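Participant: Please find one structure pasted underneath; my questions will follow.
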C-alpha cells in the first residue's frame, strides 16, 4: 500500500512524498487517517525554522523520535480508522475510530497501545482538538483558579480559546482576554470573558491594566494570568496586569524567540511568580490521583460540551500543505483553525 506523508525539507520547504506504508506488525494496527489537525503556533514556527538546534522533536511520543534536523516529519493530531490488524490484535478492533499522536500522513502502522479509542458520541471534527483540549485542561490543573479570582488569558488562538471556555465554567470574579485578532476576541466573549482587548492598542505603560480595570478587573490586579500568545513581549504586559503575589503561567513555546523581561519594577515589588506548564506530564502534586486516562475522560467530556469543531475555518487536502503553512505564517488573521482532510 502507498501512503502520502508530509516532510519538512528546510525553512518554508515542505514536500508531500509517496512511499510504501509498512504493514502492521503482530501487535500493531494500520490506521487510515480521516483528519489531522495543525497546531498553528507550534507548526508555523517549525515551518519557519524557529526551533532550537539539537532539540528533540518530542521526548514523550515514539512517533516523533529524533531531533529537529532536516528532513523530518512532524504533527501530532491524527483521527483515523483501523483498517488492518496484526495477528495479536483482537478482530473487534477493526473499524474502530482512534486518535494517534502521529505526524501528518494518510496511513500509518502503530502499536495498539499507543492509540486512544474515541467515544462513539464524539465527532471527528471535535476529536481533532484532543491535544489542544488536553493542553487547556492541563493549564487549569497547573494554574488552579480559585473561586472569585480575576484571570486574564493572553493569546486567544485555539488553545487560548479552549482555556477560556474552561475558565468560563468557573465561578470567577473576572475573566479577561487579549489577542490581536477581532474574531478570536469575539469568540472569547461568547465563551464567558468579560472583556477581550487588542494588546497592540495599549503600548503606553499602565494603559492595558487601566483598560482591564475599567471593565471590572479589581484595582489590585489579576490573580492569575495565562501567557499563551507565543509572543515573548506579552510577558511584560502580563506582569503589568498582575496583582500582589499573583502568578503567571506560561504555556507558550517560544522556540528561538527570546523574552526581554522587565524584572526591575512591578514584578519584583509585587512578588509575582512565573511558572511553566507543559502537557506531557501531570503535575507531580496531582499524579497520585490523576493519570492520563482520567484526564482524557475530562477532555472527552469537554470536547462534547464545547464542540470546537465548529471553529474549523479551513479544510485542506494534504497536497496543499505549502499553501496552508504560507497562510498560517503570512496571514494568521485569516485562519482560526486549519485541518488536513483525507476523506
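The values are calculated or read from the model by the stated rules, or taken from the named source; none is laboratory data. Because the structure is a prediction, the values reported are computed rather than measured. Reconstructed Cβ throughout: ideal geometry from the backbone, glycine too, with neighbour counts over all protein chains shown.
Participant: Given the structure, is residue 210 farther than 14 Å from residue 152 by Cα, assigned to a helix (DSSP H, G or I) and at pLDDT 95 or above?
Facilitator: no
Participant: Checking the structure you have, find out if any residue of the stretch 36-45 is under 22 Å from the mean Cα position of the chain (by Cα) and in a loop (DSSP other than H, G, I, E, B).
Facilitator: Yes; the residues of the stretch 36-45 include at least one that is under 22 Å from the mean Cα position of the chain (by Cα) and in a loop (DSSP other than H, G, I, E, B).
Participant: Right, another one. Which of the residues belonging to the stretch 213-234 are crowded, with 22+ Cβ neighbours inside 10 Å and in a loop (DSSP other than H, G, I, E, B)?
Facilitator: 217, 221, 228, 229, 230, listed by residue number.
Participant: Right, next: Only one of these is touching a strand residue (DSSP E or B) at 6+ places or on another chain (Cβ under 6 Å), crowded, with 19+ Cβ neighbours inside 10 Å and in contact (Cβ under 8 Å) with a residue 12 or more places away in the chain: 28, 43, 18. Name it.
Facilitator: On inspection, the qualifying residue turns out to be 28.
Participant: In the stretch 235-265, which residues are within 21 Å of the chain's Cα centre (by Cα), in a helix (DSSP H, G or I) and either surrounded by fewer than 16 Cβ atoms within 10 Å (Cβ to Cβ) or without any contact (Cβ under 8 Å) to a residue 60 or more places away in the chain (or both)?
Facilitator: Selection gives 235 alone.
Participant: Sticking with this structure for a sec: Regarding residue 245, is this residue in the same structural domain as residue 154 (by TED's automatic domain parsing) and out of contact with any helix residue (DSSP H, G or I) (no Cβ under 8 Å at 6 or more places or on another chain)?
Facilitator: yes
Participant: Hey, does the stretch 117-138 have a residue that's assigned to a strand (DSSP E or B) and either surrounded by fewer than 20 Cβ atoms within 10 Å (Cβ to Cβ) or touching a residue at least 60 places away in the same chain (Cβ under 8 Å) (or both)?
Facilitator: Our first condition is that a residue be assigned to a strand (DSSP E or B); within the stretch 117-138, this holds for 117.
Filter once more, keeping what is either surrounded by fewer than 20 Cβ atoms within 10 Å (Cβ to Cβ) or touching a residue at least 60 places away in the same chain (Cβ under 8 Å) (or both): 117.
Yes - at least one qualifying residue is present in the stretch 117-138.
Participant: Same structure, new question: What number goes with the only condition from (1) at pLDDT 95 or above; (2) more than 15 Å from the chain's Cα centre (by Cα); (3) crowded, with 19+ Cβ neighbours inside 10 Å that residue 308 does not pass?
Facilitator: (2)
Participant: Continuing with the same structure: May I ask you to list the residues in the stretch 162-196 that are part of a loop (DSSP other than H, G, I, E, B), buried (at least 24 other Cβ atoms within 10 Å of the Cβ) and touching a strand residue (DSSP E or B) at 6+ places or on another chain (Cβ under 6 Å)? Talk me through it step by step, then tell me what you get.
Facilitator: First, the residues of the stretch 162-196 that are part of a loop (DSSP other than H, G, I, E, B): 168-173, 179-181, 191-194.
With the extra rule that they be buried (at least 24 other Cβ atoms within 10 Å of the Cβ), the set shrinks to 179, 193.
Passing the criteria: only 193.
Participant: Within the stretch 248-263, track down each residue that is farther than 16 Å from residue 233 by Cβ and out of contact with any helix residue (DSSP H, G or I) (no Cβ under 6 Å at 6 or more places or on another chain).
Facilitator: Scanning the stretch 248-263 gives no hits.
The rows are residues; the columns are (1) at pLDDT 95 or above; (2) closer than 20 Å to residue 29 by Cα.
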| residue | (1), (2) |
| --- | --- |
| 71 | no, no |
| 90 | yes, yes |
| 94 | yes, yes |
| 103 | yes, yes |
| 107 | yes, yes |
| 116 | yes, yes |
| 122 | yes, no |
| 126 | yes, no |
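Participant: Inspect all residues belonging to the stretch 49-63 and state whether any of them is in a strand (DSSP E or B) and surrounded by fewer than 14 Cβ atoms within 10 Å (Cβ to Cβ).
Facilitator: First, the residues of the stretch 49-63 that are in a strand (DSSP E or B): 56.
Retained after the next criterion (residues that are surrounded by fewer than 14 Cβ atoms within 10 Å (Cβ to Cβ)): 56.
Checked the stretch 49-63: at least one residue is in a strand (DSSP E or B) and surrounded by fewer than 14 Cβ atoms within 10 Å (Cβ to Cβ).
Participant: Considering each residue of the stretch 74-96, count those that are more than 18 Å from the chain's Cα centre (by Cα) and either part of a loop (DSSP other than H, G, I, E, B) or surrounded by fewer than 19 Cβ atoms within 10 Å (Cβ to Cβ) (or both), and give that number.
Facilitator: 14
Participant: To continue, here is another question. The conditions are (1) part of a helix (DSSP H, G or I); (2) touching a strand residue (DSSP E or B) at 6+ places or on another chain (Cβ under 6 Å), and residue 153 fails exactly one of them. Which is it?
Facilitator: The failed condition is (1).
Participant: Here's another thing I want to ask about it. Could you count how many residues in the stretch 315-339 are touching a residue at least 24 places away in the same chain (Cβ under 8 Å) and either out of contact with any helix residue (DSSP H, G or I) (no Cβ under 7 Å at 6 or more places or on another chain) or part of a helix (DSSP H, G or I) (or both)?
Facilitator: 14
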